[in-house]
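The values are calculated or read from the model by the stated rules, or taken from the named source; none is laboratory data. Since the structure is predicted, the reported quantities are computational estimates derived from the model, not experimental observations. Positions of Cβ are generated from backbone atoms using ideal geometry, with glycine treated the same way; all protein chains shown enter the neighbour counts. Note: areas computed on protein heavy atoms with side chains; ligands, DNA, RNA excluded. Shrake-Rupley method; radii C 1.70, N 1.55, O 1.52, S 1.80 Å.
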Amino acid sequence: MKKIFPLIISFIISFQLFAQQIYPSAGKVIPLKVNDTVPNFELPNETNELVNFKQKLIEKPVVLIFYRAGWCPYCNVHLSDIQSIESKILKLGYQIIAISTDRPDKLNETKNKNSLNYTLLSDPNCEIAAKFGIAFWAGDNWKLPVPSLFIIEKSGKINFVHSDADYKQRISANDVLSILKK
């Protein structure tokens, strides 16, 4: 029994690491795909209030954006680009939620800097990004999400995915709008 116990512990730890799906590099991530069902999760918003994702889905389908953080200029441009079509997205019956590695207090800075109206959530350890298959090691003990956009229907099923290991490449707001109109 003394020899089996360490093996069991080792297996559990290995399984947990695998289940978290933190990939060795951005180019190795394997995002959830169209027709997959997203996991439920709770993350804090900019006021540190926990937001339950499935509860948000009950309200409306979601355009879900994963971005690196408020320090990323490419992320800020993309968030602002999406903000420019927010009213059209809302008219089509969707809501926008964006998740980053920023802590809740930093979310407010990003929200104010980019004049964002939509929900920002904090995933500082990339736990949710890992569940979506887009978290990777960016350096020693430093995890980031590959910038990604998922369109998710109320049932939790993914209808569209854009994920690019090149953090400079983002889907345009106009392309998102075209996809939502189909």
| request: Could you list, in sequence order, all residues of segment 139-179 that are closer than 16 Å to ASN35 by Cα, among the hydrophobic types (A, V, I, L, M, F, W, C) and more than 16 Å from the chain's Cα centre (by Cα)? | output: ILE179
| Does ALA98 satisfy the criteria of being under 26 Å from LYS33 (Cβ atoms), of a type in the set (A, V, I, L, M) and surrounded by fewer than 20 Cβ atoms within 10 Å (Cβ to Cβ)? | no
| For segment 137-154, which residues satisfy the criterion of being aromatic (Phe, Trp, Tyr), surrounded by fewer than 21 Cβ atoms within 10 Å (Cβ to Cβ) and at pLDDT 95 or above? | TRP137
| remark: Looking across segment 157-182 at residues that are within 18 Å of ILE85 (Cα to Cα) and of a type in the set (Val, Ile, Thr), the single one that is most open to solvent (accessible area, probe 1.4 Å) is ILE179
| note | Expected output for segment 122-136 (first residue under 19 Å from HIS162 (Cβ atoms) and open to solvent by 40 Å² or more (accessible area, probe 1.4 Å), partner in a loop (DSSP other than H, G, I, E, B) and not hydroxyl-bearing (Ser, Thr, Tyr), Cβ below 6 Å, 6+ apart or cross-chain) is LYS131/PRO39
